[in-house]
Amino acid sequence: MVTLLGFSEYPDLQVPLFLVFLTVYAVSVVGNLGMITIIRISPKLHTPMYFLLSHLSFVDFCYSTTVTAKLLENLVVEDRTISFTGCIMQFSLACMFAVAETFMLAVMAYDQFVAVCKPLLYTAVMSPKLCASLVACPYTWETLTCSLLELSFCGSNIINNFLCEHSVIVSVSCSDPFISQVLSFAIAVFSKVSSLAINLTTYISIFGTLLKMPAAAAAVSK
């Protein structure tokens, strides 16, 4: 078992912190689920852009729930323990949804690129089949982000944190963490660099297209 100390060193702040985090989490849940519900029930919003936005809201909801649920529990109960399996699952899910959100933003950037740079072909390019494929990519890649399953644990350990994240899990592991650290680093670098490259490329193209529009309009008017 693992004990998450969290904010246990500040007993007087337990209730105020619980209320603050609960409020933030509630706003996040209402906002994300409300967005998904509105998009689902409104036929006017059944477009590629809002389809992608609904999935972004879903991923954000899952990520905030994974991180916040255990934190809220630890602020109101005396027993702050969590199993090693549960700790690894929390870290894995948090990583998975964080990576999925990063790539979902890249997919939305591509959608904006098509809408601005190829408006006449937008409907044909952003077909329902392509949108489904683009959304499936982040969910597929997120399943490859778990690299801690090979670690072994022994005894009872204390983690001075409010959630299970890579460095603290490795610190309480009884096995050699080298492979896990290398895999985590490689996945993080690839995810960040590739998503950043996609976003930069698409928005630079969008910016270039917008700069050309006044010149094209002036040429047509002449």
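Coordinate-derived values only; no laboratory data. Since the structure is predicted, the reported quantities are computational estimates derived from the model, not experimental observations. For neighbour counting, all protein chains shown are included, and Cβ atoms are generated from backbone atoms with ideal geometry for every residue, glycine included.
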>> Output wanted: per-residue J couplings in Hz (rounded whole) for the range 114-125, from phi through Karplus 6.51 cos²θ - 1.76 cosθ + 1.60, θ = phi - 60°, x for Gly and Pro.
In response: 5, 5, 8, 8, 9, x, 6, 9, 4, 4, 6, 6
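Got a sec? How would Ser195, Ser167 order by Cβ neighbour count within 10 Å, fewest to most? Each step should come with its number before you reach the end.
On the way: Ser195 20, Ser167 11.
Ascending Cβ contact count within 10 Å gives the list Ser167, Ser195.
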> Tell me, how many Å apart are the Cα centres for the range 48-96 and for the range 162-205?
Replying inline: 17
>> Apply the Karplus curve 6.51 cos²θ - 1.76 cosθ + 1.60, θ = phi - 60°, to the phi angles in the range 100-106 and return the couplings in whole Hz, x for Gly and Pro.
In response: 4, 5, 4, 6, 5, 5, 5
> Among Phe97, Ala109, Val77, which residue has its Cα positioned farthest towards the positive end of the charge dipole of the range 30-134, with +1 placed on the Cβ of Lys and Arg, -1 on the Cβ of Asp and Glu, and the dipole taken about the Cα centre?
Replying inline: Ala109
> Per 5 Å bin, what is the whole-percent P(r) computed from every C-alpha pair distance within the range 2-221?
Replying inline: 1, 6, 11, 13, 14, 13, 12, 10, 7, 5, 3, 2, 1, 1, 0, 0
> Which whole-number percent gives the relative contact order of the range 2-221, counting Cα pairs below 8 Å spaced six or more residues apart?
Replying inline: 28
> If you add up the charges near Asn160, with Lys and Arg at +1 and Asp and Glu at -1, over every other residue whose beta carbon is less than 14 angstrom from its beta carbon, what do you get?
Replying inline: -1
>> Here is the link list: Lys129/Lys192; Lys70/Lys129; Lys44/Lys212; Lys44/Lys192; Lys118/Lys192. Which ones come out longer than 29 Å on Cα distance?
In response: Lys70/Lys129; Lys44/Lys212; Lys44/Lys192
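Estimate the FRET efficiency between Gln181 and Thr3 by the formula 1/(1 + (r/R0)^6), using the beta-carbon distance for r and 25 Å for R0, to the nearest 0.05.
Working: r = 23 Å, r/R0 = 0.93.
The computed FRET efficiency comes out at 0.60.
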